[in-house]
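See structure below.
Just so it is clear, none of the values below were taken in a lab; they were calculated from the coordinates. Just so we're clear, the structure is a prediction, and the values are computed from it rather than from any experiment. Positions of Cβ are generated from backbone atoms using ideal geometry, with glycine treated the same way; all protein chains shown enter the neighbour counts.
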C-alpha cells in the first residue's frame, strides 16, 4: 500500500533486469511507464502483464533513449496519462566488446556512452524538471555496475563500458547534491554479474584477449550472479519513503564479488 498510486518510469523493460523491475512495480500497484527500443519485446511484455496483472495500469512506449525527441514524447505521454512521475529507474544499458582503450572502436565508444551515460542523464534532466513542476518528491535509481568504481573487476577490462558507468556515478552524485533541497533523491546500484541478455550486444566480434582475461581472473562470476528479483526489490526500497535518508549513494549489490 505504501506505493499505491505512485507512477514509475522504467527503461529497458523488454527483458532482463528492466523487465523484472517493471513487474515488481506492477505487483506493488504502481502505475508503470515502461520504455523499450524493441517493438516485439514490448508486444510480448504487454501480453505477459495482461495475463498476470489484469488490473495493472501501464503505458508502454517504444523509445530510443538516445533520441531527444523520443524522450520528449515519452515524458509528454507519461505526464498526460498519469499527471506526474514519482520514480525513475534508468535500467537500459549495453556493453562493448571487452576492448581495452588501445583496441577501442570510436563508434562503439560513442554508442556505449550514449546509452549508458548520456541517456540516463537526459532522462534525469526531464525527470527533475517534471518533478519540480508537479511538486513531486521523487526518487531516481540508476542501475550502475561495479565497473563504476573499478577499472579492473569482473569483466571490466573494457574501456567504454567502464567509463560509461563511472560517468553515471557522477551524474548520480551531482543530481543528489543539487536537488536534495527540492525533495528529489538519486542513487545508484553498483550491480555485480546478473543473468541478463545484455551480453547479446557483443556476442559477435568480442575481444578474445579481454574476454579470456575475464574468464581466467573471475571464473566464479556465473556462480555469483545476483538474483534479478532481489535486485528489483532493492530498487523498490530505494524508491520508497523508507529510504528517505539515502541520497547520493552508490550501493554495492554484487554478492561479494568486490569484497576481496
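Comparing 41, 69, 139 in a Gaussian network model of the chain where C-alpha atoms under 10 Å apart are linked, the largest mean-square fluctuation is found at 69. Applying 0.36 nm per residue to the separation of residue 227 and residue 77 and subtracting their alpha-carbon distance, the gain on full extension is 50.8 nm. Among 101, 235, sorting on how many other beta-carbon atoms sit within 10 Å of each Cβ, with the fewest leading, yields 101, 235.
Based on C-alpha pairs under 8 angstrom that are at least 6 apart in sequence, the chain has a relative contact order of 21 percent. Of the peptides 49-56, 174-181, 107-114, the order by per-residue mean of other Cβ atoms within 10 Å, starting with the highest, comes out as 107-114, 174-181, 49-56. Once you treat every alpha carbon in the chain as an equal point and sum by Debye, what is log10 I(q)/I(0) at q = 0.15 Å⁻¹? With no solvent term, the Cα-only Debye profile gives -1.06. For the pair residue 258 and residue 178, label points projected 7 Å from Cα toward Cβ lie 2.4 nm apart. Applying 0.36 nm per residue to the separation of residue 134 and residue 62 and subtracting their alpha-carbon distance, the gain on full extension is 23.4 nm. Rounded to the nearest 10 degrees, the angle from helix 16-27 to the longest Cα principal axis of the chain is 20 degrees.
Of 37, 140, the sequence from fewest to most neighbouring Cβ atoms within 10 angstrom is 37, 140. Highest mean packing comes first when the peptides 240-251, 9-20 are listed by Cβ atoms within 10 Å, giving 9-20, 240-251.
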